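Notes to accompany the following structure.
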Amino acid sequence: MAKLTTETKKQSKPVELVKRMIMEQPMGTVGAIITLILLFTGIFARWLAPYGMNDPHPLSALQGPTLTYWLGTDNIGRDLLSRLIYGARISMIVGLIASLLSVVISVILGILSAYIGGALDLIIQRFVDAVLSIPSLLLLMVVISLIGTGMWQVIFCLGISNGIGGSRMIRSLVIGIKSNLYVQAAVSVGAPTWKILVQHILPNIMAPIIIIFSMTVPSVILAEAGLSFLGFGIPPPAPSWGGMLSGSARTYMFKDPWMALWPGLALAIVVYGVNMFGDALRDLLDPRLRGGAGRYGTILKRRISKTITKENPTE
């Protein structure tokens, strides 16, 4: 028993999380692989793409998949594979930065609203109610039409809108934590508010924050694609997957279906994979599932019981 406990302690938490992911969440593992492929493709797009994202080849326009152009070409002869690869970089940048901005805003608003409370809580929550009462796509279209289209404008709008909506979940978490005895003890001894928030509140909501971040990324990627499809996102010639589905892709959809098929398929696979990865992280990091719940916990319990039986064969 002691030997098993020592071996378990030697494993770091990331290694244990990976093992649990593989053993308990096969679809989450597939989602993690898809997420890693998206990150790898986005980072190394310049070296992975066989051609430039906007290099025209007029003599090869509207060509189907060949050995030269694996996924075919568009109406002006641009390689679709290269544009898809560079589009992965755009999706990665927008998804990660907008989600990070969203989480920061959610944490700030949620902690201030829940911990300080009173009139500040009332004002913040009525503001959140007002934002949530407006359809998100309509709100984004109005704001972007006022400030202009572009990658950073899209990141700014998506990050703020998702952050305001997500602050309510952080608020509920902090309300539950601040009533705990260790927080009350810190308040009673006169600990500064910032120290209580940093040392007692924030560490106890890190797991939900990670889950919120992982669940926000696919929704941001999908929202960016929708905005670009409608002409309110990243303007051409940038190869946004949503933008590739619009414009010339709709015009030549029946003559060259590859122009709409590949970006749509890439978008569906990435959003599905990142969603599965986020769901798996939620299941693994949920504090209510700790202590041996799930398939991994059953296997661990079996190993412990076998070890006890070997050490005490007479029992």
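The values are calculated or read from the model by the stated rules, or taken from the named source; none is laboratory data. Predicted, not measured: the structure shown is a model, and the values here were computed from it. Cβ: placed from backbone, ideal geometry, glycine included. Neighbour counts: every protein chain shown.
In region 139-172, what residues are among the hydrophobic types (A, V, I, L, M, F, W, C) and more than 20 Å from the chain's Cα centre (by Cα)? Give the steps one after another, and end with the answer.
From region 139-172, those among the hydrophobic types (A, V, I, L, M, F, W, C) are 139-144, 146-147, 151-152, 154-158, 160, 164, 169-170; that's our starting set.
Leu139, Met141, Val142, Val143, Ile144, Leu146, Ile147 - these are the residues of region 139-172 that are among the hydrophobic types (A, V, I, L, M, F, W, C) and more than 20 Å from the chain's Cα centre (by Cα).
Listed here are the residues, each with its yes/no results for (1) at pLDDT 85 or above; (2) of a type in the set (Phe, Trp, Tyr); (3) touching a helix residue (DSSP H, G or I) at 6+ places or on another chain (Cβ under 9 Å); (4) assigned to a helix (DSSP H, G or I).
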{"residue": "Pro218", "(1), (2), (3), (4)": "yes, no, yes, yes"}
{"residue": "Ile234", "(1), (2), (3), (4)": "yes, no, yes, no"}
{"residue": "Met244", "(1), (2), (3), (4)": "yes, no, yes, yes"}
{"residue": "Gly264", "(1), (2), (3), (4)": "yes, no, yes, yes"}
{"residue": "Tyr272", "(1), (2), (3), (4)": "yes, yes, yes, yes"}
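Among the numbered conditions (1) closer than 21 Å to Val274 by Cα; (2) modelled with pLDDT of 85 or more; (3) surrounded by 14 or more Cβ atoms within 10 Å (Cβ to Cβ); (4) not polar (S, T, N, Q), tell me where Arg20 comes up short.
Every listed condition holds for Arg20 apart from (2).
Within region 23-75, how many residues turn out to be assigned to a loop (DSSP other than H, G, I, E, B), free of Cβ contacts under 8 Å to residues at least 40 places away in the same chain and either surrounded by fewer than 15 Cβ atoms within 10 Å (Cβ to Cβ) or aliphatic (A, V, I, L, M) (or both)?
Number of matching residues: 10.
Mind checking which residues of region 146-157 are assigned to a helix (DSSP H, G or I), farther than 17 Å from Ile108 by Cβ and in contact (Cβ under 8 Å) with a residue 40 or more places away in the chain?
Met151, Val154, Ile155
I want to confirm something. Restricting to region 85-122 and keeping residues that are more than 19 Å from His200 (Cα to Cα), in contact (Cβ under 8 Å) with a residue 24 or more places away in the chain and of a type in the set (Gly, Ala, Ser), which single residue is surrounded by the most Cβ atoms within 10 Å (Cβ to Cβ)?
Among residues in region 85-122 that are more than 19 Å from His200 (Cα to Cα), in contact (Cβ under 8 Å) with a residue 24 or more places away in the chain and of a type in the set (Gly, Ala, Ser), the one surrounded by the most Cβ atoms within 10 Å (Cβ to Cβ) is Gly87.
Could you list, in sequence order, the residues of region 246-262 that are in a helix (DSSP H, G or I) and of a type in the set (Ser, Thr, Tyr)?
Within region 246-262, Ser248, Thr251 meet the criteria.
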